[in-house]
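Below is one structure, written out as structure tokens; the observations come after it.
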Amino acid sequence: MLPTIEWKGDAVVMIDQRKLPASEVYVSCRTAAEVARAIRTMVIRGAPAIGVAAAMGIALGMRKSRATGTKQFVTEFQKICDLMAGTRPTAVNLFWAIDRMKRACAAAAQAGGSVAELRQRLEAEALRIHDEDVASCRAMGAHGATLVPDAATILTHCNAGALATAGYGTALGVIRAAVEQGKRVAVLADETRPFLQGARLTAWELVKDGIDTTVITDNMAGAMMRQGSVDLVVVGADRIAANGDVANKIGTYTVAVLAKEHRIPFYVAAPISTVDLDTPDGSRIPIEERAAREVTHIGAARLAPDGARVRNPAFDVTPASYVTAIVTERGIARPPYIESLAALVGIRQPAAS
Ligand code: MRU
């Protein structure tokens, strides 16, 4: 698997997800502003990957900072954190990663660290966030694979794969783990209008791994379920509220309603960094509205006439009552989520070395 994002010391390098699958092009970001632009313009996307990119962008910005004293260093650091926080509003992993960087900086500053020590601490924290994400995906995969029967056809929406994380994936991590256990699995990948993460990215990843993949347009999912062609659904998440409501790519709610109607299990796979206990329910989750052009055009080709109004909410909220279970790296949460999620979040983790 090609790496989604890499720390190169003087640059952060990411595969340009806007260009896949037609071309495998890498973008080299040399400043924090370039990383922020890459997040905003979806060179890199997917909740955990956005968090990793922001952390690396902050570390990069502070590596390039000319600050000589800690006071000036911390002022510049705050500005870069604000820049990253303004890139995309829905995925809570972004804010979670920025918080981790803030705590790392504060701890080093409190300990009387020099500017060089603060830089080093931030770099180490960004790399730790990256590595922990891969480990989380692997653990999530192991838990989630227990929910996948042999010879299952799994429907997924958007891309919650290696490209959306530091590697391996959340929803696609569950699928990969099931395949690694020797289960026969076929995947139905919703194309995921308007950005086409399913057709372009999920299908690209899975085909590369030799996993049986069929791309369908979003409006085919209901008919497939009615025909008995779907055994389970597994999707990722951008933010999970304390009550288990799930924000994910626009169209996820439609899939969840269809799954319930057809008595098909609907699973969400996400790391604990996606669980936001400070947000009581889905109505409080900010939903990003993106540019009209993503809807009116495919590439350079215009589909809709000039003058038509356009809506482009990038995410929707699936109420907890539609979610069969939430797979995390710490185990599987079942309803009532207000209790099961709080219990998983509260599990004490070994202290970082
Ligand atoms: O707009 P995107 O492509 O960043 O949206 C991505 C999704 O909605 C994913 O399903 C979600 O981030 C989970 S990724 C493991």
Could you tell me whether the stretch 123-134 includes any residue that is without any contact (Cβ under 8 Å) to a residue 24 or more places away in the chain, away from the ligand (no atom under 15 Å from the Cβ) and outside the structural domain of Arg334 (by TED's automatic domain parsing)?
yes
Sole exception among (1) within 22 Å of Val174 (Cα to Cα); (2) more than 20 Å from the chain's Cα centre (by Cα) for Pro336, by number:
(1)
If Ala152 meets every condition in (1) of a type outside the set (Lys, Arg); (2) near the ligand (Cβ under 10 Å from one of its atoms); (3) surrounded by fewer than 21 Cβ atoms within 10 Å (Cβ to Cβ) apart from one, which number is that one?
(2)
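Ala36: surrounded by 15 or more Cβ atoms within 10 Å (Cβ to Cβ) and in contact with a Leu (Cβ under 7 Å, 6 or more places away or on another chain), yes or no?
Details: surrounded by 15 or more Cβ atoms within 10 Å (Cβ to Cβ): yes; in contact with a Leu (Cβ under 7 Å, 6 or more places away or on another chain): yes.
It is true that Ala36 is surrounded by 15 or more Cβ atoms within 10 Å (Cβ to Cβ) and in contact with a Leu (Cβ under 7 Å, 6 or more places away or on another chain).
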Under 9 Å between Cβ atoms, which residue pairs at least 6 apart in sequence (or on different chains) link something in the stretch 160-177 that is within 18 Å of Arg239 (Cα to Cα) with a partner that is away from the ligand (no atom under 11 Å from the Cβ) and polar (S, T, N, Q)?
none
Does at least one position in the stretch 234-250 carry a residue that is farther than 19 Å from Val275 by Cα and in contact (Cβ under 8 Å) with a residue 24 or more places away in the chain?
no
Tell me yes or no: at least one residue of the stretch 84-91 is closer than 19 Å to Trp7 by Cβ, free of Cβ contacts under 8 Å to residues at least 24 places away in the same chain and either crowded, with 18+ Cβ neighbours inside 10 Å or away from the ligand (no atom under 16 Å from the Cβ) (or both).
no
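Counting only residues that are hydroxyl-bearing (Ser, Thr, Tyr) and part of a loop (DSSP other than H, G, I, E, B), how many does the stretch 271-310 have? So that I can check it myself, show each step before the final result.
Pass one, the stretch 271-310, residues hydroxyl-bearing (Ser, Thr, Tyr): 273-274, 279, 283, 296.
If we keep only those that are part of a loop (DSSP other than H, G, I, E, B) as well, we get 279.
Going through the stretch 271-310 one residue at a time, the tally reaches 1.
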Considering only the stretch 28-54, state which residues are in a strand (DSSP E or B) and either farther than 19 Å from Glu125 by Cβ or within 9 Å of the ligand (Cβ to nearest atom) (or both).
Ser28
Of the residues in the stretch 307-317, those that are surrounded by 15 or more Cβ atoms within 10 Å (Cβ to Cβ) and farther than 16 Å from Pro280 by Cβ number 4
Could you check Asp316 against (1) assigned to a strand (DSSP E or B); (2) farther than 30 Å from Asp99 by Cα and say which number it fails?
(2)
Scan of the stretch 232-264 for residues that are crowded, with 24+ Cβ neighbours inside 10 Å, within 11 Å of the ligand (Cβ to nearest atom) and not hydrophobic (A, V, I, L, M, F, W, C), ordered by number:
Gly236, Asp238, Arg239, Asn248, Lys249, Thr252
Which one of these is under 23 Å from Ile287 (Cβ atoms), buried (at least 24 other Cβ atoms within 10 Å of the Cβ) and acidic (Asp, Glu): Asp218, Asp190, Asp133?
Asp190
Restricting attention to the stretch 15-27, which residues are out of contact with any helix residue (DSSP H, G or I) (no Cβ under 8 Å at 6 or more places or on another chain) and outside any loop (DSSP other than H, G, I, E, B)?
Tyr26
Inspect the stretch 333-353 for any residue being over 29 Å from Leu147 (Cα atoms), without any contact (Cβ under 8 Å) to a residue 24 or more places away in the chain, of a type outside the set (Phe, Trp, Tyr) and within 14 Å of the ligand (Cβ to nearest atom) and give the result as yes or no.
no
Listed by range, strands (runs of 3 or more DSSP E) wholly within the stretch 149-242 having at least 3 residues that are out of contact with any Lys or Arg (no Cβ under 9 Å at 6 or more places or on another chain) are 152-156, 185-190, 212-216, 232-235
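The values are calculated or read from the model by the stated rules, or taken from the named source; none is laboratory data. Keep in mind that what you see is a predicted model, and the values were worked out from it rather than measured. Every residue, glycine among them, receives a Cβ derived from its backbone with ideal geometry; neighbour counts consider all protein chains shown.
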